[in-house]
Amino acid sequence: MMAISRKSAAGALLVAAALLMLGQRVLSAPDLAAMPLAPRSATAIVIELQDAIGPATSHYVERGLEKAAKDGAALVVLQLDTPGGLDSSMRDIISAILASPVPVATYVAPSGSRAASAGTYILYASHIAAMAPATNVGASTPVAIGGQPPAAPAPTPAPESAPPTNDKDGAEADAKSPTSTDPPQPGTAMERKAINDAVAYIRGLAELRGRNADWAERSVRGGVSLSAQAALEADVIDVIASDLADLLQKIDGRKVSINNVETTLSTENLVIERVAPDWRTSVLSVLTNPTIAYGLLLIGLYGLLLEGYNPGSLVPGVVGAIALILALYAFQILDVNWAGLALMGLGAAMIIAEFFVPSFGALGIGGVVAFVVGSIILFDSDVPGLDVAWPLIAAIATAGAVGVAGLSWFAACAFRRPVSSGTESMVGTEAVAYEDFAERGRVYFGGELWNAHTSIAVKAQQRVRITRVDGLTLWVEPL
């Protein structure tokens, strides 16, 4: 048992050390602004973001921009298709773009893609904003973890104390600067703070790049979206391009500001080089997928439980320990409701306890309910792409419910079955008389000789029925 514990602990320590090194590599973002820029080459680096934005994607973009700066690339194309993602990861990407010595063109492509939520901020932060036909941008309202309660209706604004003015400049100033006569915004104080912070952030990006700041604010406050053509007409993007070659041709000769230095792009004949995620980014992407993290948690819980109930099996304990450490590492990055995690652990323990405690299904049913509720609120997030699929939760809950129902059925059948052990199981069975006797003698039963008592005389080799067991004496009667 000590050897098993040492092996499991050693495996867990190795995994923890590897993950710690991985986390340190991920969190150590390069300082792009301080990086010396290599001589310009006729290369365009393409970085593809095709999923929810998280720590893995921010690391991928940072490393791609670092490579572009080292190689002296003429342009970085961030090909984007995202439903949104984590605010912290989005800000990491934007910080890397703003510090990049290489111009960055964010291109929402291919057709049918979107730059929703966090993608809109990244589009605004880029030196060049481009979209393919049949794409859309917008819906940038920040969503708090756990969702937002219905906002209270805004109170009716009080009448203006001063008469309206026809001064155009004064009206524009009033429209841009809130005054004491502005009605209070709906929602809680925390929601208003998040909205106003997001508005100020995206307006700052729009002013930096000379794009439509008013529409950006409407996208945050009202969640509005635009098609590619409408975004071009509203001065939200710079160009519509059908593919990468078309994009490079259309932005050729444009002037952009890189670290307060105006630069003219020369992109028409650039060679396209795609940057694939490295193995660290790939591993982190897999681990931080909510469905994978959820599965690792299940494997860890049940692996350790099986090892506890079957000491010496080794494999469940080792696999469970490694899976649990990987799940906990992923939970440090994902936004997790720890009450949901506790409910899942409680539910798993109650389901296991049902096998050993005669609760007539009470523990099992309660465990399934706790497990399902905990699974639902485990990743308590409305951020697209950062939740667990309902079919997976339903499948796990159904399997648990079927297991509890099957256990209850087997228990009911066993309860109705005749006793098959102990002295009670001997009553009604047959034995064979070893000798002639009229009151006391011996009989064969189960390959053994037993003392017997009868009220009716029996003969040797005669079959008798056991009617009662009194200590080591069998009361019998002839068949």
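Values as computed for the structure displayed
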item	result
Of all residues in segment 308-324 being without any contact (Cβ under 8 Å) to a residue 24 or more places away in the chain and part of a helix (DSSP H, G or I), the one that is nearest to Ala353 (Cα to Cα)	Gly308
Wholly enclosed strands (runs of 3 or more DSSP E) of segment 79-187 bearing at least 3 residues at pLDDT below 95, in contact with a Lys or Arg (Cβ under 6 Å, 6 or more places away or on another chain) and in the same structural domain as Leu232 (by TED's automatic domain parsing)	none
Residue under evaluation Ala69, criteria (1) modelled with pLDDT under 90; (2) surrounded by 14 or more Cβ atoms within 10 Å (Cβ to Cβ), criterion not met	(1)
Subset of segment 208-235 (residues that are in contact with a helix residue (DSSP H, G or I) (Cβ under 9 Å, 6 or more places away or on another chain) and polar (S, T, N, Q))	Asn212, Ser219, Ser225
Members of segment 221-269 that are part of a loop (DSSP other than H, G, I, E, B) and surrounded by 17 or more Cβ atoms within 10 Å (Cβ to Cβ)	Val236, Ile237, Asp238, Ala241, Ile251, Arg254, Leu265, Thr267
Some residue of segment 31-40 being buried (at least 19 other Cβ atoms within 10 Å of the Cβ), at pLDDT below 80 and among the aliphatic types (A, V, I, L, M)	yes
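The values are calculated or read from the model by the stated rules, or taken from the named source; none is laboratory data. Everything numeric in this text was worked out from a predicted model, so none of it was measured. As a convention, Cβ positions derive from the backbone with ideal geometry for all residues, glycine included, and neighbour counts pool all protein chains shown.
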